[in-house]
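First comes the structure, then the notes that go with it.
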Amino acid sequence: MNRTRVGAASLKETRYLWMDIGWDGDRRIHGCLVHIDLIDGKIWIQRDGTEEGIAADLERAGIPKEHIVLGFRPPELRPYTGYAVA
């Protein structure tokens, strides 16, 4: 397997992507593992393909749950996640 993990940020530094790019034998790998947007002072996790969850890493880094939005969850379910709703 020949695979690389690449990080990318928007020019305004409000969107961050963690991409998985490479080859698994003859199968091309090109996908987004993590997509984070900074919206209205909060961290919106739009995609999280990590095993443990990037929200847990952000918490361990000292970011409070009320500043993290699980954007990949439907709005009606966000109040039950323990994180910010928007």
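The values are calculated or read from the model by the stated rules, or taken from the named source; none is laboratory data. What you see is a predicted model, and the numbers here were worked out from it, not measured in a lab. Methodologically, a virtual Cβ is constructed for each residue, glycine included, from the backbone with ideal geometry; neighbour enumeration extends over all protein chains shown. The area values use the complete protein model at the heavy-atom level, side chains included, leaving out ligands, DNA and RNA. Shrake-Rupley method; radii C 1.70, N 1.55, O 1.52, S 1.80 Å.
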Original post:
Can you tell me which residues in the stretch 21-33 are more than 20 Å from Gly71 (Cα to Cα) and either without any contact (Cβ under 8 Å) to a residue 24 or more places away in the chain or surrounded by 14 or more Cβ atoms within 10 Å (Cβ to Cβ) (or both)?
Top reply: Ile21, Gly22, Trp23, Asp24, Asp26, Arg27, Arg28, Ile29, His30
**OP:** Filter the stretch 34-58 for residues that are buried (at least 16 other Cβ atoms within 10 Å of the Cβ) and either more than 11 Å from the chain's Cα centre (by Cα) or over 18 Å from Ala84 (Cα atoms) (or both) and give the result.
**Re:** Val34, Lys42
**OP:** Kindly establish whether Trp18 is crowded, with 16+ Cβ neighbours inside 10 Å, within 19 Å of Pro74 (Cβ to Cβ), out of contact with any helix residue (DSSP H, G or I) (no Cβ under 8 Å at 6 or more places or on another chain) and of a type in the set (Phe, Trp, Tyr).
**Re:** no
Original post:
Counting just the residues of the stretch 59-86 that are surrounded by 14 or more Cβ atoms within 10 Å (Cβ to Cβ) and hydroxyl-bearing (Ser, Thr, Tyr), which one comes out nearest to Ile45 (Cα to Cα)?
Top reply: Tyr83
Subject >> Breaking point among (1) open to solvent by less than 40 Å² (accessible area, probe 1.4 Å); (2) in contact (Cβ under 8 Å) with a residue 24 or more places away in the chain, for Glu13 >> reply: (1)
